[in-house]
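Q: Sharing a structure below in structure tokens format, with a few things to ask.
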Amino acid sequence: MADTDPAPGSADDPRAELLRAWERAAAEATPAELHEAMQHLLSLGGDAAEQLARTPPPSRRRPRRSDTVTYRVRVDLVGTKPPLWRRLELASDLFLDELHDVIQEAFGWTDSHLHRFACGPSRDSRDLEHYLCPFDVEEGDVGIPEHEVRLDEVLLDEGDTLYYDYDYGDDWRHTLTLEAVVECTDHAPRAVCTAGRRPGPPEDCGGVHCYQTIVAAQDPTHPDHAEATAEFVHIYGDDIDPDMFDPTPFDLDEINAALAAIGLDDGKRPYTVPEKIVELVDAVRATHGTRQLRRLIARAGLDEPLHIDADTAAQMVRPYTWLLRRVGADGIKLTSAGYLPPAHVAAAFEELDLADEWIGKGNREDLTLPVLNLRETAQRAGLLRTPRGRLLLTARGRAVIDDPVALWWRLAERMPPRSTSAHEVQAGMVLLLAVAARIADVDEVDDTIAVVLDAIGWMSGDGSPLTPMAAAHAAWDTRAVLQRLGAFADHDLFGRRAAPTDEGVTFARAALQTW
């Protein structure tokens with residue numbers, strides 16, 4: 001920069017002075033004066049215009065309330081006739097990313113598109129302050145991340161409004177109006193839908209006008225049915241049935257069940273969500289992943305009391321106890337390739353009854369994954385070590401060898417098994433949450449792991465999204481420990497399983513609570 005150039009933003013910078021003049025002109029000037037200011041702006045080139053576009057508007061946020069109250073809020077979908085709306089009762093200390101989840105459930109949206117909130121004198125005002133979804137933050141849009149803004153910062157008095165736009169293509173515009181501020185009872189849900197009208201529009205149908213057309217075309221008794229049917233054919237073609245666009249019925253029970261599953265009440269429960277789970281939630285950068293994870297956390301029963309008796313613990317940790325005793329005080333010399341010698345592998349294969357879940361002779365550790373996983377996870381739990389090619393007990397291993405309850409807790413404390421890959425640890429955490437939540441469907445579990453890992457930013461080597469199979473592979477070590485402990489009611493060679501056992505649920509919850 002030349003010595004004569006003023007620093008950007010300084011008092012001597014003509015662009016900064018122009019911005020100040022432009023703000024005064026926009027508020028007070030006549031049309032002719034505005035035109036003159038615009039010509040001056042254009043004469044300075046693109047940099048000044050870009051600077052003006054990126055100048056943040058005045059802040060609309062107000063101090064947060066010191067107490068939590070209930071906001072009665074009506075949410076209207078702009079442009080619908082008759083009006084399509086929902087009435088919500090919301091905790092005033094909800095953050096806007098949580099409010100986004102609530103609105104999605106209330107209207108039956110599927111969170112398949114971008115969104116943003118805004119606050120200002122009117123929807124089209126240049127003084128709107130925007131509150132951005134994670135994608136828009138990453139894109140560098142002007143605004144404040146929505147997860148930093150609380151509802152009581154943007155709605156304070158009855159009649160205050162907040163704007164919420166969803167799907168920048170179909171342009172679904174919602175207006176939130178604060179109708180009442182009432183006292184919050186101790187056990188009130190943090191979000192509940194109390195009333196509403198009309199079914200929610202289907203995704204990707206084209207916007208408000210197309211929604212109105214679809215509704216009329218689907219209803220033979222509608223006064224505009226014939227006209228709407230003809231318009232539907234014009235818009236979508238005559239080979240598409242209007243019934244393919246199925247609005248979401250307005251059902252209070254369904255909506256409130258979905259709201260309860262989001263997990264908004266976690267912060268009000270008498271337990272603290274473990275820090276590692278908080279870190280996992282914070283790592284998720286896409287809202288759909290956050291929603292799935294929160295629902296899983298809400299179902300995981302992390303506030304349930306934990307108890308493990310000696311007999312149950314002994315039965316569950318039997319494979320690890322067997323291995324620790326097999327290693328014993330003298331240890332085992334590993335093969336030159338670093339594996340257990342065949343005699344020890346064969347003993348494990350027979351005495352731990354592994355023939356029903358694995359094929360082969362069961363005498364080579366590298367070809368007998370149940371034995372290999374058992375030994376490696378025992379090492380990762382800090383029970384065994386391998387100095388100079390010899391498998392030895394650690395001090396911790398010696399301490400718990402005859403104490404099944406202590407061994408059970410040690411394994412729980414080290415779950416997911418320590419790994420050099422962060423995505424394997426994160427996949428294992430999601431699997432533990434699924435077991436704690438008693439999810440039995442293998443495909444649902446693997447799909448959920450894939451969604452969460454994708455939302456964090458993990459992907460396949462070719463840049464494509466992770467498949468459920470890849471997600472299952474990432475959680476392999478965690479699944480292997482759970483399987484060895486009898487956490488699943490049934491399994492086969494490929495790890496397919498039925499519902500988690502009660503013992504497995506307890507272990508998963510212990511693992512999640514011990515961080």
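The values are calculated or read from the model by the stated rules, or taken from the named source; none is laboratory data. A quick note: this is a predicted structure, and the numbers were derived from the prediction, not measured. So basically every Cβ, Gly included, is an ideal-geometry build from the backbone, and we count neighbours across all protein chains shown.
Q: Here's a check for you: in the stretch 146-159, which residue that is surrounded by fewer than 18 Cβ atoms within 10 Å (Cβ to Cβ) and acidic (D, E) is modelled with the lowest pLDDT?
A: Among them, the one singled out is E148.
Q: Only one of (1) out of contact with any Phe, Trp or Tyr (no Cβ under 8 Å at 6 or more places or on another chain); (2) surrounded by 15 or more Cβ atoms within 10 Å (Cβ to Cβ) is not met by A195, so which one is it?
A: (2)
Q: Taking only the stretch 290-307 into account, find how many residues are in contact with a Phe, Trp or Tyr (Cβ under 7 Å, 6 or more places away or on another chain) and either surrounded by fewer than 19 Cβ atoms within 10 Å (Cβ to Cβ) or modelled with pLDDT of 95 or more (or both).
A: Counting residues in the stretch 290-307 that are in contact with a Phe, Trp or Tyr (Cβ under 7 Å, 6 or more places away or on another chain) and either surrounded by fewer than 19 Cβ atoms within 10 Å (Cβ to Cβ) or modelled with pLDDT of 95 or more (or both) gives 1.
Q: Only one residue in A381, A343 is assigned by TED's automatic domain parsing to the domain that holds L485 and over 23 Å from Q513 (Cα atoms), so which one is that?
A: Unique residue meeting the criteria: A343.
Q: Output the number of the condition that G382 fails; it satisfies all remaining conditions of (1) more than 21 Å from L482 (Cβ to Cβ); (2) assigned to a loop (DSSP other than H, G, I, E, B); (3) touching a residue at least 12 places away in the same chain (Cβ under 8 Å); (4) out of contact with any Pro (no Cβ under 9 Å at 6 or more places or on another chain).
A: Failing condition for G382: (1).
Q: What about V425, is it hydrophobic (A, V, I, L, M, F, W, C) and under 19 Å from L374 (Cα atoms)?
A: Spelling it out, V425 is indeed hydrophobic (A, V, I, L, M, F, W, C) and under 19 Å from L374 (Cα atoms).
Every residue, every condition in (1) in the same structural domain as A286 (by TED's automatic domain parsing); (2) touching a Ser or Thr at 6+ places or on another chain (Cβ under 9 Å); (3) assigned to a loop (DSSP other than H, G, I, E, B), yes or no:
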residue: V75; (1), (2), (3): no, yes, no
residue: K81; (1), (2), (3): no, no, yes
residue: L90; (1), (2), (3): no, yes, no
residue: L99; (1), (2), (3): no, no, no
residue: I103; (1), (2), (3): no, no, no
residue: D111; (1), (2), (3): no, yes, yes
residue: R116; (1), (2), (3): no, no, no
residue: P121; (1), (2), (3): no, no, yes
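Residues checked against (1) in a loop (DSSP other than H, G, I, E, B); (2) under 30 Å from D167 (Cβ atoms); (3) assigned by TED's automatic domain parsing to the domain that holds L391:
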{"site": "L280", "(1), (2), (3)": "no, yes, yes"}
{"site": "R285", "(1), (2), (3)": "yes, yes, yes"}
{"site": "L293", "(1), (2), (3)": "no, yes, yes"}
{"site": "A298", "(1), (2), (3)": "no, yes, yes"}
{"site": "G301", "(1), (2), (3)": "yes, no, yes"}
{"site": "I308", "(1), (2), (3)": "yes, no, yes"}
{"site": "D311", "(1), (2), (3)": "no, no, yes"}
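Q: Looking at the stretch 213-228, can you tell me whether even one residue there is in contact (Cβ under 8 Å) with a residue 40 or more places away in the chain, surrounded by 13 or more Cβ atoms within 10 Å (Cβ to Cβ) and at negative phi?
A: no
Q: From D171, D141, D186, D165, which residue is surrounded by fewer than 16 Cβ atoms within 10 Å (Cβ to Cβ), under 25 Å from Q212 (Cα atoms) and of a type in the set (D, E, K, R)?
A: One residue alone meets the criteria, D171.
Q: For E503, which of the numbered conditions (1) surrounded by fewer than 19 Cβ atoms within 10 Å (Cβ to Cβ); (2) part of a loop (DSSP other than H, G, I, E, B) fails to hold?
A: For E503, the exception is condition (2).
Q: Please specify each residue of the stretch 133-162 satisfying the condition of being in a helix (DSSP H, G or I) and either over 24 Å from S112 (Cβ atoms) or of a type outside the set (V, I, T) (or both).
A: Across the stretch 133-162, the qualifying residues are P134, F135, D136, E138, E146, H147, E148, L151, D152, E153, V154.
Q: Let me ask you something else. Within the stretch 402-420, how many residues are in contact (Cβ under 8 Å) with a residue 40 or more places away in the chain and part of a loop (DSSP other than H, G, I, E, B)?
A: Matching residues across the stretch 402-420 total 4.
Q: Applying the selection to the stretch 163-216, what residues are touching a Gly at 6+ places or on another chain (Cβ under 7 Å) and in a loop (DSSP other than H, G, I, E, B)?
A: The answer is D170, D171.
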